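Report on one structure; see the data block that follows.
The values are calculated or read from the model by the stated rules, or taken from the named source; none is laboratory data. The structure presented is a predicted model; accordingly, all values stated were derived computationally and were not measured. Neighbour counts are summed over all protein chains in view; Cβ atoms, including those assigned to glycine, are modelled from backbone coordinates with ideal geometry.
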Amino acid sequence: MMSLRQAVLILLAALVPAGISALVNPRRPPWSGDALLPGEEKLKTVLAWGPKVLWVDARSQNEYEAEHVPGAVLLNLEDWDRLFPRFLDRWSPDQKIVVYCSASSCQLSHEVAKRLEQSGVSPVYILKGGWEEWKAAR
Amino acid sequence: MRKPVFFLLLSFFAASAYGQLVFEQPEQSFKAKPVEGSIVAKYRFTNTGTVSVKIENVQTSCGCTTASLKKTEYAPGESGEIEARFTIGGRIGKQEKAILVTTSDAREKPIQLKLLVDIEDQIRIQPELVLWRVGEQADPKKIEVTVADDAPVKIVSVLSDNPSIKAELSELKPGKKYEIQITPTDLSRQGGATILIHTDYPPQNPQTRYAYARIK
Amino acid sequence: MESGQVTTLTRDSARSSYARIGRFLARLVLGALFASAGALKIYDPGAFAIELERYQLVPWKIGVVTANYLPWLELLTGICLFLKWFERGALLLVTLLLGIFTLALASALVRGLNIDCGCFGHALVSTGTVIPILRNVVLLLLAGMLWTKYR
């Protein structure tokens, strides 16, 4: 059928620019879906760090009070002025800070991590998968 | 012969809409200054269906945003408005908040309204935190405070809530650039202070910003 | 008898010229829409791959291949349709693609997918899913109009 033959021609023609883009486009997606964004760490890695981890919960007060990673300190942008000094009281520069929010699609952990780094606190990491990832491993 | 059938099909698909409430502007953007306190966004909607619709729940993604409605039931053709108030709090930069509206005609598919606010940072405190380690030399550290060009704000005074950590304000560029010198007196043990930075704006309720000193 | 035949022919050609104009417009609209949809996605395939992941229909690696290939396919198909090159093939592809997109959107709607932020948990569908479905249905009808040429 003519329509089928023509369709196949177009399908094949599109392969050429697509292939080139897949190789050189600066915004091409990474082949591995597991790729960590800058600052992110997998739960397994974080757990291996042991007791020198300070967990930071970037979610709302309600979500934190419902349940959170044991020992985590609440720090969100909403209430930054009230919560940051409390975080500072708990923090020690020898600790590795790991920030989490609800899931991998949630941006809050990235925002809180950025603000922490801007204020001079480091090193700051973000838990890939967030609270969902933690719960799944329990 | 074919035309009427075409239009019949078209109207069939148009009528089976997801829910009868249609919002004029489900996504709204604002620019704000922290001193404004809060932003109010009004989401107008109309019941375009053939039956009455009840708004059963309006939920916001955070405590900083509250939403209110004058009434919950809307007849066909009736319009209404959801008012969302976003409290700026300590936030700066681009904020995105969501408001979920659950209606009686589509309970499993709530409508999501978005409120985007870009908050200008009028006062920049860099760095927010100064740190000394125990046993270190008690060298003073500096915090730079910059006021945005068009902001009618001045830094009036600074105060440390811990007398053993001193804070001194000096004006580098009148009204625009300031420097706070923080000097600890005892670095033999851990401690800290909150530095209160008093401004003169707005005149009826001047803002206080914060910086932090810690000895760890 | 002669005059009767003439009248019938005039009526038919009037109706068929409406159909011709309709098909002409449908071809331009579909072609332009597809080409521009493709062009927009060509710029940032990474963002498109992340969008695809949210629909959770295919594994990540297949999403990467799709994100790289699909925009170019859309662009070429749209251009072909617009310029009447390989028109039948382009129309076949447009119809197939619209069908697939609509099914994907409908599946997201039915599963109540968590397409935006994870903050709300499940059963969250933004108004951004339903309107594209309706739009695709209208586009499919336009494509249907174009197919009538080949009856």
| field | segment B:142-165, residues that are crowded, with 16+ Cβ neighbours inside 10 Å and basic (Lys, Arg) | value | B:LYS154
| task | Hey, can you tell me all the residues within segment B:50-85 that are more than 19 Å from the chain's Cα centre (by Cα), part of a loop (DSSP other than H, G, I, E, B) and in contact (Cβ under 8 Å) with a residue 12 or more places away in the chain? | result | B:THR50, B:VAL51, B:SER52, B:THR72, B:ALA75, B:PRO76, B:GLY77, B:GLU78
| task | Take the residues in segment B:49-75 that are surrounded by fewer than 16 Cβ atoms within 10 Å (Cβ to Cβ) and within 14 Å of chain C (Cβ to nearest Cβ), then tell me which one is modelled with the lowest pLDDT. | result | B:GLY63
| query | What residue, among those in segment A:50-82 that are in a loop (DSSP other than H, G, I, E, B) and at pLDDT below 90, is nearest to B:PHE86 (Cα to Cα)? | reply | A:GLU78
| field | Criterion: hydrophobic (A, V, I, L, M, F, W, C), more than 14 Å from chain C (Cβ to nearest Cβ) and either more than 23 Å from A:LEU127 (Cβ to Cβ) or in a helix (DSSP H, G or I) (or both) - qualifying residue of A:LEU47, A:LEU23 | value | A:LEU47
| request: Considering only segment C:28-60, state which residues are away from chain A (no Cβ under 13 Å) and either assigned to a helix (DSSP H, G or I) or within 14 Å of C:GLU74 (Cβ to Cβ) (or both). | output: C:LEU28, C:VAL29, C:LEU30, C:ALA32, C:LEU33, C:SER36, C:ALA37
| query | C:ALA67 passes all but one of (1) surrounded by 18 or more Cβ atoms within 10 Å (Cβ to Cβ); (2) aliphatic (A, V, I, L, M); (3) not in a helix (DSSP H, G or I); which number fails? | reply | (3)
| said: Could you check segment A:110-132 and list, in sequence order, the residues that are within 11 Å of another protein chain (Cβ to nearest Cβ) and part of a helix (DSSP H, G or I)? | reply: A:GLU111, A:LYS114, A:ARG115, A:LEU116, A:GLU117, A:GLN118, A:GLY130, A:TRP131, A:GLU132
| Quick one: what pairs do we get from segment A:1-19, first residue more than 11 Å from C:TRP72 (Cα to Cα), second buried (at least 16 other Cβ atoms within 10 Å of the Cβ) and basic (Lys, Arg), C-beta under 7 Å, 6+ apart or different chains? | A:MET2/C:ARG88; A:SER3/C:ARG88; A:GLN6/C:ARG88
